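J.: Dumping the structure here so I can ask a few things about it.
The values are calculated or read from the model by the stated rules, or taken from the named source; none is laboratory data. Predicted model, so just to flag it, every value in this text is computed and none were measured. No Cβ is skipped: glycine too gets one built from the backbone with ideal geometry, and neighbour counts run over all protein chains shown.
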Amino acid sequence: MLQEALVFLLDVSPSMHNLLPDVSKLCHMIIERKFFDNKSDEVAVVLFGTQDTNNELEKEVGGYEHVVVVRAIKVIADDIFEVLSDLPRGTTPGDFLDAIVVGMDLLIKKFGPTNKGKKRLCLVTNAQHPIKEPDEGTKDDQIDALCEQLKAHGMKLECIVARGKFTGVADKRIVNENDYLLSRFSGKGIARTVFVEDRASLLGAIQTRTVSPVTIFRGDLELSNVMKIKVWVYKKSVVERFPTLKKYSDKAPPNSKFSTHEVKVDFEYKSKDNPNNIVPPEQRIRGYRYGPQVVPISSAELEALKFKPEKGIKLLGFTNASNIRRHQYMRDTYVFIPEPGNRKAILAVSTMARAMKNANKVSILRCVWRQGQGNVVVGVLTPNLSSSDNIPDSFYFNILPFAEDVREFHFPSFNKLPLSRQPNEKQQGAADNLVKMLDLVPSGKGEALRPEVTPNPVLEVHDLFTLYYLR
Amino acid sequence: MDYDPDNLFRDDEEDPEGEFFQERESSKEFVVYLIDARPEMLAQDAGKSESHFHAANRCITESLKTLIINRDYDEVAICFFNTKEKKNMQDLDSVYVFNVPEREELDRPTARLIKEFSHIEEKFLTKIGSRNGIIPMTRENSLYNAIWVSQGLLRRGSSKNVDKRILLFTNEDDPFRHVDGATKSDMIRTTLQRAKDVQDLSISIELFPMCRPGTEFNTYKFYAELLGLEGEELSEFLPLAAEKIEDMVDQLKKRIFKKRVIRRMAFLIHDDMWIELNSYALIRPTSPGVITWLDSVSNTQLKSERSFICADTGTLLQEPMERFHLHKNEIVRFSLEELSEVKRISSVPLFLLGFKPTDCLKDYHNLKPSTFLYPSDEEIDGSTCIFVALYRAMLKYQRFALAFFGSSTHPQLVALVAQDDMIRNGVQLEPPGMHMIYLPYCNDIRSIEELQNHDSDTIPRATDDQIEKAMAVMKKLDLKEFSISQFANPALQRHYALLQVLALGDDVDELPEINDETLPDEEGMRRPGVVNALEGFKAAVYGENHDAEEAALEATKSGGEASKKRKAETAVKEAANYNWDDLAESGKLKDLTMPELKNYLAAHNLPVTGKKDALISRILTHLGK
């Protein structure tokens, strides 16, 4: 089954040359990750700003010069690494709009209207060369038409635009126009544009692994019996695991192609007094330690007597944001979005979120995500106001600890320490300076090491490592 | 449905790093709870229903409940002094060691101990009795006796691997006030000597001073010397002076558990400037305890044995040291060393990268509970000084520190957030120090908000008028005094109650109902002011006719049910085209397509979800094959 079709649209015009090694690395990372998770994905590579021209559109209708399809859409194989490792240095200024059209053409010809939502175009450019005027209409019209097509075919467009120190000598007017054109794409809700200013954020600009998120909960956020808001709840942050590897059996016949080399792990339960007595699973019963005793509880008993809350999300009340401290968040974060397409829900969430933001309040909720779940969570809902016209306002939700989860220890106040262990004026001055100097968000420049664009080095190194073994 | 006990108290995910959530507690503890039983301890203030004695017992009961679940290797003894009756090994007057059958005096807590201790007050006066403390004309020194008995209780176990503690609960700051002259100085001298002997045996004495409002527990009068508090320590010793008995109970609870360092680590600030930190787990999810498998016939404990079997040959293997990944039918092998090498990004445990304004720390930059950091000068002198300087600078400029935490299992970026010392009514609400918050990488963050395709014109935004209405609701439903940890976990409370009932052999019908504190205040929600505010908000965002519109929508949905019915009918018709028995017999079910299989399932009201194999086996089961 096809997971995803991905078309890389890579700008290789002269102003991009010094960036190409990193672009190549970014593509590598994505492909390597696919090797692990989605081996049947299909990938194409299109270059623009090249000296040559090679694409079907040019042959069919003319135009689309300096765009080369170096790899048509097909299942990932080793050849793609050769293509990516050896990106040719182009000689002409690249036209990213042409490249997008060529990429869309590839996807449409291959899949038609099928595989909606599983087709992705990934554009990497510095967008500093002029876009050609269209034969008819304006550039705006052209982009609107493209958006229609993207939407109709369920294609997504991700634009990674190199800016900041990556921009060499560039015509400000052109750059501004291009930014405007790209924003027109994102304004329609089918494209996402990321501006990157350094190597690390370039490598983190694309999710190397695409997950299709599932809702944790769909239903009412109950402010009370009378006032309810329809919401969908998703995970917002989840730890991405190291890919699982299988245990290797060296006892299997080495050269037989039927060898799977897999290892089965067996668990046997034996009584402590008599190790020869193997107890079958149905004869086992769960015991909980209670002081020196071990209290046996059968599954049926536990099921019958355990705590069984009703599914639902209920509001307990609002409180000042300062009553909740950041370090009290217990786990990964959830996001509450209004039920898609439900104008009333979108408006209600927006109203509540904006009111909370204005008054600097948060709300406390009690959530049971599923019927039959044996526990409840209490957590804090914080507003997330959207900065874009086509994204509704939403909430973030973090789980708070219960009384049992908090260990309150007393620590001596620093002011009460003997003076010899407190910093003097000079030392404090030095510390103040350090905090000011080691600023990771220098004014005028972007934030360094932003979590949103900082990839996990372990996953990255791991992928390279795999590659090393494959060669 | 298969029932997974381990996930009973988790949502829907497994625990990525089990060991992170379990405190590494190597040493065990022997604790003697030493409770003063003078009439003044038992006295109830007019209007106040709780005596100091009761408050102390409540704290101890709660801590015993925690111990019995989570630290079942710790041993405790409960000892009253200033009692009428005496019961102790040395046969000393005024000291009563409380115990229940089937238990040594110093032993692990049992269900019965907790149950009887929590009800002790009902029969305390008749069975054990209270008497005055040290009074003139007798040579009786009850405090001396109490310390001696406690020492006797703690004679077992080497101080190397056991922490021995005496927790002394009293509201008398001057136990020798009623005697004077040579008797007084003599008594004080012998008591102090006794306490010193105890401390020389590496037994710590900790004081839980209680006092009435308006009075002060003066540690200097006597106890400072007994505890050996000097200078700095004495200034750190906050007397438990609290307006409310509740606040005092909170403070007792805070001190009853020993502060345990989970890890000592070095923090690289700059070039070769290192400081030393201790980390503490102040917030960790409490689990229902470890599961031990039993043989249901004999109720004896089982041990599990794991064996590795080669899937190809069936040979029994040693634990395999290599892992592999199948890549296009080609096996790529990794050794365990290679894999751990990959994860080792840095050999420095924690190093500083820089500082950011606090608003850069977003609400979704969170993955697991934070860890608390407090400086220590034990190995690197001057650590505290540097830490405090950074801490103050961070508070001044509202910055947090970004650092890299090089753990071997999951190296990651962390935010170090300075927390100011917060004290209210003499109670420390937040200790001073830094909280280490584990940050996600971009791989861990999902852009859910952007998931849905919306045209900008379909997204309504709140008007000022609507926001006003929502503000009105917020005013009505304000939780002024909200603080975390005001709710007990109802699932856990239920589980503990169940364990206690079963451990005592009581009937499960006697299981007490758990009061679920996490439910909203229904009564408050029905107050007219609240209802009006909510109705106002509802009308403002949903319009006046919302309920009618919803009902109409509901009606169309039931129309959907009619279509469901039609679908079922078609399925029955379609399914009738096959001879299912024959297909099943000849094993030809697998040649049918998924929709064809689903027709059969739908026609027989069976679930239609799952993979093809699951569908086929469901059909076979239904056919009785």
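J.: A:R370 versus (1) at the interface with another protein chain (Cβ under 7 Å from one of its Cβ atoms); (2) surrounded by fewer than 23 Cβ atoms within 10 Å (Cβ to Cβ); (3) closer than 28 Å to B:D444 by Cα; (4) touching a residue at least 40 places away in the same chain (Cβ under 8 Å): which is the lone unmet condition?
T.: The number of the failed condition is (1).
J.: With the requirement that a residue be at the interface with chain A (Cβ under 10 Å from one of its Cβ atoms), aromatic (F, W, Y) and touching a residue at least 24 places away in the same chain (Cβ under 8 Å), what does the stretch B:262-298 give you?
T.: Of everything in the stretch B:262-298, just one residue is at the interface with chain A (Cβ under 10 Å from one of its Cβ atoms), aromatic (F, W, Y) and touching a residue at least 24 places away in the same chain (Cβ under 8 Å), namely B:Y280.
J.: How many of the residues making up the stretch B:430-444 are facing chain A (nearest Cβ under 7 Å) and within 13 Å of B:F387 (Cβ to Cβ)?
T.: 2
J.: Mind checking which pairs have a first residue in the stretch B:597-625 that is over 16 Å from B:L583 (Cα atoms) and a second that is surrounded by 14 or more Cβ atoms within 10 Å (Cβ to Cβ) and basic (K, R), Cβ under 8 Å, 6 or more apart or different chains?
T.: B:L606/B:R618; B:P607/B:R618; B:V608/B:K598; B:G610/B:R618
J.: Among the listed residues B:L317, B:L326, which satisfies the condition of being more than 7 Å from chain A (Cβ to nearest Cβ), modelled with pLDDT under 80, surrounded by 12 or more Cβ atoms within 10 Å (Cβ to Cβ) and farther than 30 Å from B:P431 by Cα?
T.: On the way: B:L317 fails: more than 7 Å from chain A (Cβ to nearest Cβ).
Every option except B:L326 fails the conditions.
J.: Something else now. Select, from A:E460, A:E404, the only residue that is more than 7 Å from chain B (Cβ to nearest Cβ), assigned to a helix (DSSP H, G or I) and modelled with pLDDT under 90. Quick ask: steps written out before the conclusion?
T.: Working: A:E404 fails: more than 7 Å from chain B (Cβ to nearest Cβ).
Step by step, each of A:E460, A:E404 is checked, and only A:E460 is more than 7 Å from chain B (Cβ to nearest Cβ), assigned to a helix (DSSP H, G or I) and modelled with pLDDT under 90.
J.: Just the residues that are in contact with a Phe, Trp or Tyr (Cβ under 7 Å, 6 or more places away or on another chain), among the aliphatic types (A, V, I, L, M) and either in a loop (DSSP other than H, G, I, E, B) or in the same structural domain as B:E430 (by the TED database) (or both), please, taken from the stretch B:474-513.
T.: Within the stretch B:474-513, B:L477, B:L479, B:A488 meet the criteria.
J.: Could you figure out which of (1) out of contact with any strand residue (DSSP E or B) (no Cβ under 6 Å at 6 or more places or on another chain); (2) surrounded by 16 or more Cβ atoms within 10 Å (Cβ to Cβ); (3) closer than 30 Å to A:R331 by Cβ isn't true of A:E301?
T.: Looking at each condition in turn, A:E301 falls short on (2).
Matching residues to (1) modelled with pLDDT of 85 or more; (2) more than 26 Å from the chain's Cα centre (by Cα); (3) closer than 24 Å to A:H129 by Cβ:
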position: A:G62; (1), (2), (3): no, yes, yes
position: A:E65; (1), (2), (3): yes, yes, yes
position: A:V69; (1), (2), (3): yes, yes, yes
position: A:V75; (1), (2), (3): yes, no, no
position: A:L87; (1), (2), (3): yes, yes, yes
position: A:T91; (1), (2), (3): yes, yes, yes
position: A:D98; (1), (2), (3): yes, yes, yes
position: A:V102; (1), (2), (3): yes, yes, yes
position: A:K109; (1), (2), (3): yes, yes, no
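Yes or no, residue by residue, for (1) surrounded by fewer than 18 Cβ atoms within 10 Å (Cβ to Cβ); (2) touching a strand residue (DSSP E or B) at 6+ places or on another chain (Cβ under 8 Å); (3) in contact (Cβ under 8 Å) with a residue 60 or more places away in the chain:
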{"position": "B:Y374", "(1), (2), (3)": "no, yes, yes"}
{"position": "B:D377", "(1), (2), (3)": "yes, yes, yes"}
{"position": "B:C385", "(1), (2), (3)": "no, no, no"}
{"position": "B:A389", "(1), (2), (3)": "no, no, no"}
{"position": "B:A393", "(1), (2), (3)": "no, yes, no"}
{"position": "B:R399", "(1), (2), (3)": "no, yes, no"}
{"position": "B:A403", "(1), (2), (3)": "no, yes, yes"}
{"position": "B:I423", "(1), (2), (3)": "yes, yes, no"}
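J.: If you don't mind, another one. Suppose the filter is acidic (D, E) and closer than 30 Å to B:P460 by Cα; does B:E544 pass it?
T.: Working: acidic (D, E): yes; closer than 30 Å to B:P460 by Cα: yes.
Considered against the rule, which asks whether it is acidic (D, E) and closer than 30 Å to B:P460 by Cα, B:E544 comes out as yes.
J.: Only residues that are at the interface with chain B (Cβ under 8 Å from one of its Cβ atoms) and over 40 Å from the mean Cα position of the chain (by Cα): list them for the stretch A:421-449, please. Let's see the steps before the verdict.
T.: Going through the stretch A:421-449, the residues at the interface with chain B (Cβ under 8 Å from one of its Cβ atoms) turn out to be A:421-423, A:427-428, A:430-432, A:434-436, A:438-441, A:447-449.
Of everything in the stretch A:421-449, those that are at the interface with chain B (Cβ under 8 Å from one of its Cβ atoms) and over 40 Å from the mean Cα position of the chain (by Cα) turn out to be A:R421, A:Q422, A:P423, A:Q427, A:Q428.
J.: Okay, moving on. So, in the stretch A:223-264, exactly how many residues are assigned to a strand (DSSP E or B), under 27 Å from the mean Cα position of the chain (by Cα) and either more than 7 Å from chain B (Cβ to nearest Cβ) or acidic (D, E) (or both)? First the steps, then the outcome.
T.: To start, the set of residues in the stretch A:223-264 that are assigned to a strand (DSSP E or B) comprises A:228-235, A:237, A:246-247, A:263-264.
Right, trim to under 27 Å from the mean Cα position of the chain (by Cα) and you get A:229-235, A:237, A:246.
Within this subset, residues satisfying the condition of being either more than 7 Å from chain B (Cβ to nearest Cβ) or acidic (D, E) (or both) are A:229-233.
Residues that pass the stated criteria total 5.
J.: Does A:N375 satisfy the criteria of being in contact with a helix residue (DSSP H, G or I) (Cβ under 7 Å, 6 or more places away or on another chain) and more than 7 Å from chain B (Cβ to nearest Cβ)?
T.: Numbers: in contact with a helix residue (DSSP H, G or I) (Cβ under 7 Å, 6 or more places away or on another chain): yes; more than 7 Å from chain B (Cβ to nearest Cβ): no.
For A:N375, the condition - in contact with a helix residue (DSSP H, G or I) (Cβ under 7 Å, 6 or more places away or on another chain) and more than 7 Å from chain B (Cβ to nearest Cβ) - is not met.
J.: Going through the stretch B:68-110 one residue at a time, which ones are in a loop (DSSP other than H, G, I, E, B), closer than 20 Å to B:L504 by Cβ and out of contact with any Asp or Glu (no Cβ under 9 Å at 6 or more places or on another chain)?
T.: Of everything in the stretch B:68-110, those that are in a loop (DSSP other than H, G, I, E, B), closer than 20 Å to B:L504 by Cβ and out of contact with any Asp or Glu (no Cβ under 9 Å at 6 or more places or on another chain) turn out to be B:D72, B:P101, B:E102, B:R103.
J.: Identify all residues within the stretch B:485-519 that are touching a strand residue (DSSP E or B) at 6+ places or on another chain (Cβ under 6 Å) and touching a residue at least 40 places away in the same chain (Cβ under 8 Å); write none if there are none. Can you show your working first?
T.: Quick first cut of the stretch B:485-519, residues touching a strand residue (DSSP E or B) at 6+ places or on another chain (Cβ under 6 Å) only: B:485, B:487, B:499, B:502-503, B:518.
Residues satisfying the conditions are B:L499, B:A503.
J.: Please go through the stretch A:226-271 and pick out each residue that is aromatic (F, W, Y), farther than 30 Å from B:L294 by Cα and out of contact with any Phe, Trp or Tyr (no Cβ under 8 Å at 6 or more places or on another chain). Show your work before the answer.
T.: Filtering the stretch A:226-271 for residues aromatic (F, W, Y) gives A:232, A:234, A:242, A:248, A:258, A:267, A:269.
Checking which are farther than 30 Å from B:L294 by Cα leaves us with A:232, A:234, A:242, A:248, A:258.
The answer is A:F242, A:F258.
J.: Shifting gears a bit: Every residue in the stretch A:265-283 that is outside any strand (DSSP E or B) and among the charged types (D, E, K, R), please.
T.: Initially, the stretch A:265-283 is screened for residues outside any strand (DSSP E or B), giving A:272-277, A:279-283.
Listed by number, the residues that qualify are A:K272, A:D273, A:E282.
J.: Still on this model: Considering only residues that are facing chain B (nearest Cβ under 7 Å) and exposed (fewer than 15 other Cβ atoms within 10 Å of the Cβ), which ones fall in the stretch A:304-328?
T.: Matches in the stretch A:304-328: none.
J.: Being more than 7 Å from every other protein chain (Cβ to nearest Cβ), farther than 17 Å from B:A497 by Cα and under 42 Å from the mean Cα position of the chain (by Cα) is the filter here, so list the residues in the stretch A:265-298 that pass it.
T.: Going residue by residue through the stretch A:265-298, those that are more than 7 Å from every other protein chain (Cβ to nearest Cβ) are A:274-278, A:280-282, A:298.
Going one step further and asking which of them are farther than 17 Å from B:A497 by Cα, we end up with A:274-278, A:280-282.
Scanning the stretch A:265-298 gives a single hit, A:P281.
J.: Something else now. For a quick check of your reading of the model, give me the residue pairs whose first member lies in the stretch B:465-482 and is charged (D, E, K, R), whose second is in a helix (DSSP H, G or I), with beta-carbon atoms closer than 7 Å and at least 6 apart or on different chains.
T.: These pairs meet every condition: B:D465/B:A540; B:K469/B:G536; B:K469/B:F537; B:K469/B:A540; B:K476/B:G529; B:K476/B:V530; B:K476/B:A533.
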